[in-house]
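Some notes on the structure that comes next.
The values are calculated or read from the model by the stated rules, or taken from the named source; none is laboratory data. Keep in mind it's a predicted model, so treat the numbers as computed, not measured. Neighbour counts are summed over all protein chains in view; Cβ atoms, including those assigned to glycine, are modelled from backbone coordinates with ideal geometry.
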Amino acid sequence: MKFSEFTVGMVIKHGPVIVDEAEMLAFAKSYDPQWFHINPEQAKEGRWDGLIASGWLTCSLAMRMAVDAALQNSESFASPGLERLRWLLPVRAGDALRLEATVDSLRTSSSRSDLGILRWTWRVFNQKDEQVLEVEATSLFDLGAEPR
């Protein structure tokens, strides 16, 4: 989507994506090798009653859905960061996750007229309509560039 296509209050939806156990384990072994993410037997005895996905994998899946739904072929080029990140419930292999991203604000930079600033809240839900993730993000758009 182009920056000009976003409107405040707009809800952008994508998914579901199915959480694959092999991908979940590979991600955790590489980037978040805590026992409750990588050891199915030990995880059965833990607080979560089984293996759970790394929250960072959940964020990565949300990012992929945001790109597929809105950022691909846009003027988006960066993000200065997140205001808030909350992992609300564990994600498990086989879960079907979907994204609902609400546009909170849009503006052009006061110092650079070619810079668009989008603030949006990403909410990710599982197949039971339980919210598992919430992220308040900012995306920057180069209004002088051709969409990619």
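So here's what we get for this one:
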{"quantity": "Residues that are β-branched (Val, Ile, Thr) and either loosely packed, with under 15 Cβ neighbours inside 10 Å or assigned to a loop (DSSP other than H, G, I, E, B) (or both), drawn from segment 1-27", "calculated": "THR7, VAL8, VAL11, ILE18, VAL19"}
{"quantity": "Qualifying residue in segment 60-71 (condition: of a type in the set (Val, Ile, Thr), touching a residue at least 40 places away in the same chain (Cβ under 8 Å) and surrounded by 13 or more Cβ atoms within 10 Å (Cβ to Cβ))", "calculated": "no"}
{"quantity": "Segment 101-125 - residue that is surrounded by fewer than 17 Cβ atoms within 10 Å (Cβ to Cβ) and modelled with pLDDT of 95 or more and, of those, nearest to HIS14 (Cα to Cα)", "calculated": "THR102"}
{"quantity": "Some residue of segment 47-59 being farther than 30 Å from ARG107 by Cβ and part of a strand (DSSP E or B)", "calculated": "no"}
